[in-house]
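Asks: My questions all concern the structure below.
The values are calculated or read from the model by the stated rules, or taken from the named source; none is laboratory data. Since we're looking at a predicted model, the values are computed, not measured. Ideal geometry is used to build each Cβ from the backbone, glycine not excepted, and the neighbour counts take in all protein chains shown.
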C-alpha cells in the first residue's frame with residue numbers, strides 16, 4: 001500500500017453510515033492496451049479501496065456517465081480534438097474531477113469549467129487551460145504513487161532494460177540492433193515490450209532474433225512491468241510511463257522524446273531532468289555509457305517534492321468525495337448538455353470527414369489531370385490524333 005495513500009486514509013476515511021453513498025466512477029482509457037493509462041486505474045482503485053470508498057470502473061463507451069455523482073477522469077493524453085470520436089468519451093459535463101490528465105489542444109474546453117477540481121500533469125497543460133480561463137493545478141502523474149507488489153519476472157541482477165518501438169525516432173531497426181549488440185558486450189540486456197498498442201513486442205522480437213544473447217519478455221500487465229523495471233540497473237526507453245516507473249523507483253534511465261505531443265520532455269523539464277533525453281544514435285550511445293558508469297543515482301530530491309504534491313492531491317480528492325452534493329436534477333441538466341455537445345461534436349466529425357474526402361477527390365483530380373497532360377504530350381497520342389483527323393477528312 002502506498003505510504004501517501006495510507007497517510008490520507010489514517011487522516012480521514014469516509015464512513016458509509018453517515019450519509020447515503022454517492023455514485024462514484026473512475027474513467028480512464030481502459031480500452032486500448034495502454035500500460036500508462038491502466039496503471040493510473042490501478043493507483044486510483046488502490047486509493048479508493050484503501051479508503052473504503054465504493055466505486056465503479058467505468059467503460060469509456062458507457063452510456064450512463066451522466067448518472068454518476070462524481071467521475072474521476074484520467075489521467076493520460078485523453079483531452080484531444082473535439083472531432084475525435086473515441087476521446088470525446090472523456091469530455092463529460094458535470095461537477096467531476098480531471099485527474100492529472102494531459103491536454104492535446106485548447107479547443108472546446110468549456111466542459112471543464114464546472115469541474116470540482118482540474119489537475120494536469122505538466123506546466124504546459126496548465127498554461128493551455130489558463131488561456132481558456134480554466135483554473136488548473138499541476139500535479140505529478142499519479143503513477144509516481146504506484147507501489148512495488150513483488151510481482152517482477154525473474155531477470156539477472158544488474159540487467160539493462162531496453163524498450164524500443166518503431167516510428168518514434170529517426171533511428172531505424174538497423175541502428176537499434178547495432179546499439180543492442182554493443183550494449184550486450186558488457187551487460188545483460190532485457191528487451192521489454194511496454195507500449196503494447198503500438199506493437200512493440202513484434203519490433204523487439206526482430207531485435208532479439210538479430211541479437212539472441214538478449215532476453216525478450218512477453219507482454220506483461222502494468223503491475224508486473226512496474227515491479228520488473230524496479231529490478232533493473234538501467235532503463236533505455238521510448239515511453240513516458242516506462243520512464244516514470246524507473247524514476248519513481250530510483251532506476252537509472254534515458255529516454256527518447258515522444259515526437260507528437262512532447263509529453264516526455266514536459267515531464268522531465270518540470271523536474272530538471274531534461275538531460276536524460278537522447279535525440280540520436282550518438283547521444284543514445286554516449287548517454288547509456290555515461291549513466292551506466294554513474295553510481296548511486298537517485299531522484300530523491302525531485303521525488304520528495306512529487307510525493308508531497310500527490311499527498312495533497314489525494315487529500316483534495318477525498319475532501320471532494322466527502323462533500324459531494326447529491327442532486328438528481330443536476331444529473332439531468334448535465335446529461336442534456338452532454339447530449340447536445342455529443343451531437344455537435346458528431347457534426348464536427350462528419351464535417352471533417354467530408355472535407356477530407358473532398359480534399360482527396362481534388363487531389364485525385366489533379367493527379368489524373370497531370371497524367372492526362374503527360375499522355376497527350378506523347379508521340380503515340382499525337383499519332384492517334386493525326387490518324388483520326390485524317391479519317392474524318394475522308
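Asks: Of the numbered conditions (1) surrounded by fewer than 23 Cβ atoms within 10 Å (Cβ to Cβ); (2) within 29 Å of residue 198 (Cβ to Cβ); (3) at pLDDT 90 or above, residue 48 satisfies every one except a single condition; which is it?
Replies: The failed condition is (2).
Asks: Does residue 61 qualify as being assigned to a loop (DSSP other than H, G, I, E, B), closer than 25 Å to residue 347 by Cα and at pLDDT 90 or above?
Replies: In short, yes.
Asks: Is it true that some residue in the stretch 354-370 is modelled with pLDDT of 70 or more, out of contact with any strand residue (DSSP E or B) (no Cβ under 7 Å at 6 or more places or on another chain) and surrounded by 11 or more Cβ atoms within 10 Å (Cβ to Cβ)?
Replies: Looking through the stretch 354-370, none of the residues is modelled with pLDDT of 70 or more, out of contact with any strand residue (DSSP E or B) (no Cβ under 7 Å at 6 or more places or on another chain) and surrounded by 11 or more Cβ atoms within 10 Å (Cβ to Cβ).
Asks: Looking only at the stretch 89-105, which residues are surrounded by 22 or more Cβ atoms within 10 Å (Cβ to Cβ) and assigned to a loop (DSSP other than H, G, I, E, B)?
Replies: Scanning the stretch 89-105 gives 92, 93, 94, 96.
Asks: Select from the stretch 94-122 the residues that are closer than 11 Å to residue 71 by Cα and within 15 Å of the chain's Cα centre (by Cα) and list them in ascending order.
Replies: 98, 99
Asks: Next question. Among the residues of the stretch 25-61, what is the count of those that are more than 21 Å from residue 149 (Cβ to Cβ) and out of contact with any helix residue (DSSP H, G or I) (no Cβ under 9 Å at 6 or more places or on another chain)?
Replies: Total meeting the criteria: 1.
Asks: Does the stretch 197-215 contain any residue that is in contact (Cβ under 8 Å) with a residue 60 or more places away in the chain, surrounded by 14 or more Cβ atoms within 10 Å (Cβ to Cβ) and closer than 18 Å to residue 284 by Cβ?
Replies: Within the stretch 197-215, not a single residue is in contact (Cβ under 8 Å) with a residue 60 or more places away in the chain, surrounded by 14 or more Cβ atoms within 10 Å (Cβ to Cβ) and closer than 18 Å to residue 284 by Cβ.
Asks: Do any helices (runs of 4 or more DSSP H) entirely within the stretch 106-217 hold 2 or more residues that are in the same structural domain as residue 82 (by TED's automatic domain parsing), and if so, which?
Replies: Counting at least 2 such residues, we get 123-131.
Asks: Just wondering, is there one or more residues in the stretch 66-78 that are surrounded by fewer than 21 Cβ atoms within 10 Å (Cβ to Cβ) and part of a loop (DSSP other than H, G, I, E, B)?
Replies: Within the stretch 66-78, not a single residue is surrounded by fewer than 21 Cβ atoms within 10 Å (Cβ to Cβ) and part of a loop (DSSP other than H, G, I, E, B).
Asks: Let me ask something else. Restricting the first residue to the stretch 269-283 and requiring it to be more than 27 Å from residue 140 (Cα to Cα), which pairs with a second residue that is surrounded by 14 or more Cβ atoms within 10 Å (Cβ to Cβ) meet a Cβ separation below 6 Å and a spacing of at least six or different chains?
Replies: Pairs that qualify, where the first residue is more than 27 Å from residue 140 (Cα to Cα) and the partner is surrounded by 14 or more Cβ atoms within 10 Å (Cβ to Cβ), are 281/171; 281/175.
Asks: Of all residues being on the phi < 0 side of the Ramachandran plot and in a loop (DSSP other than H, G, I, E, B) in the stretch 286-315, which is surrounded by the most Cβ atoms within 10 Å (Cβ to Cβ)? Just the residue, please.
Replies: Residue satisfying both the conditions and the ranking: 299.
Asks: When you go through (1) buried (at least 19 other Cβ atoms within 10 Å of the Cβ); (2) outside any loop (DSSP other than H, G, I, E, B) one by one for residue 232, which number turns out not to apply?
Replies: (2)
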